[in-house]
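Report on one structure; see the data block that follows.
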Amino acid sequence: MKNDEDFNGIAAIHAFIEEKRKLTGSLKTFSCPNSIDALKGSIQFKLEEEAETLFIPKEDIFVELGSPQHESVSFIVITQDPAEIREQITLIGPDIPESEGKDLNLGQVLLLGGSKIQDFEYKNMERALFHLKNLEGYMIRAIPNKIWSRVNKQVGQRGFSFEAIGKALMIMYKQQFPAIETMEILFITLDSPETFLELKIIGTEIRKTYIEQYSEQLKSKLSQISEKQRDDCEYPWSCEECDYNAVCDEIRDIVDKMKAYREKTQKK
């Protein structure tokens, strides 16, 4: 994926990490294996359908992360140069085992590298941020561009950490998107609004780059599509290529029946 020449998202995140490394002593890194099997073998918690955590009530919360009252930001960065990515998890701020009973801020950035990653995959990769539902004791509540999650007491008391969340994300992404060759994750839990503002600005710049690329591709695609066949339709593509064709036919049938009914009623 070609990033804007004036803004390199991967370089911006790495520079951000280095700056925080100098300013704070609360920075940890966890090296990660590249293969999915090795990642699975390094997690001490269940990661499967049977482990899905649908809801964690307040009384069973070990740690809450990125709640509406706290800072939360999440986004992805993509590069077609896998060598730019370091196979590791970086945590800036307190980890989960030392934060029992607390409500922490949460920043989560995924750096994805793969020479065959295509531009159109960006949106699906971004949506997948909210799909980590099969990690034991971990629950995500989806909010646009944010991550609000909870960890229950059972896994919290067994040492559940950001290392486990990060490795689970790596497994999920590499399984779902085979084009990913390398992957790096940044987590931030600092009590620092300024730090989160910096991260949000970087995220906005990165997202803007991808949106511009996607918009250009969409315009190009739409220009090749034939004129729409219905005057009352606002979509720019033809009926044959529209996913709502069957729905439109059903609605049109209902409208025709209503017109016939009214005409019949008016004649009486």
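The values are calculated or read from the model by the stated rules, or taken from the named source; none is laboratory data. Just so we're clear, the structure is a prediction, and the values are computed from it rather than from any experiment. Because the Cβ atoms are built from the backbone with ideal geometry, glycine has one as well, and the counts that use them run over all protein chains shown.
Table: residues versus (1) on the phi < 0 side of the Ramachandran plot; (2) β-branched (Val, Ile, Thr); (3) over 19 Å from the mean Cα position of the chain (by Cα).
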| site | (1), (2), (3) |
| --- | --- |
| 82 | yes, no, yes |
| 99 | yes, no, yes |
| 103 | yes, no, yes |
| 108 | yes, no, no |
| 113 | yes, no, no |
| 117 | yes, yes, no |
* Which of the following residues is in the same structural domain as residue 208 (by TED's automatic domain parsing), touching a residue at least 40 places away in the same chain (Cβ under 8 Å) and surrounded by 15 or more Cβ atoms within 10 Å (Cβ to Cβ): 68, 97? -> 97
* Look through 24, 53 and report the one residue that is among the β-branched types (Val, Ile, Thr), closer than 21 Å to residue 91 by Cβ, in contact with a Gly (Cβ under 9 Å, 6 or more places away or on another chain) and modelled with pLDDT under 95. => 24
* Structure fact -> Scanning the stretch 16-34 for residues that are under 22 Å from the mean Cα position of the chain (by Cα) and in a helix (DSSP H, G or I) gives 16, 17
* Structure fact -> Being in the same structural domain as residue 151 (by TED's automatic domain parsing), touching a Leu at 6+ places or on another chain (Cβ under 6 Å) and surrounded by 16 or more Cβ atoms within 10 Å (Cβ to Cβ) narrows 89, 78 down to just 78
* Going by the structure shown, is residue 47 among the hydrophobic types (A, V, I, L, M, F, W, C), surrounded by 13 or more Cβ atoms within 10 Å (Cβ to Cβ) and at pLDDT 95 or above? -> no
* Structure fact -> Going through (1) of a type outside the set (Ser, Thr, Tyr); (2) in a helix (DSSP H, G or I); (3) more than 16 Å from residue 60 (Cβ to Cβ) one by one, residue 155 fails only at (3)
* Structure fact -> Scanning the stretch 186-232 residue by residue, those of a type in the set (A, V, I, L, M), in a helix (DSSP H, G or I) and modelled with pLDDT under 60 turn out to be 218, 222
* Asked: So which of 41, 25 is without any contact (Cβ under 8 Å) to a residue 60 or more places away in the chain and either outside the structural domain of residue 196 (by TED's automatic domain parsing) or touching a Pro at 6+ places or on another chain (Cβ under 9 Å) (or both)?
  -> 41
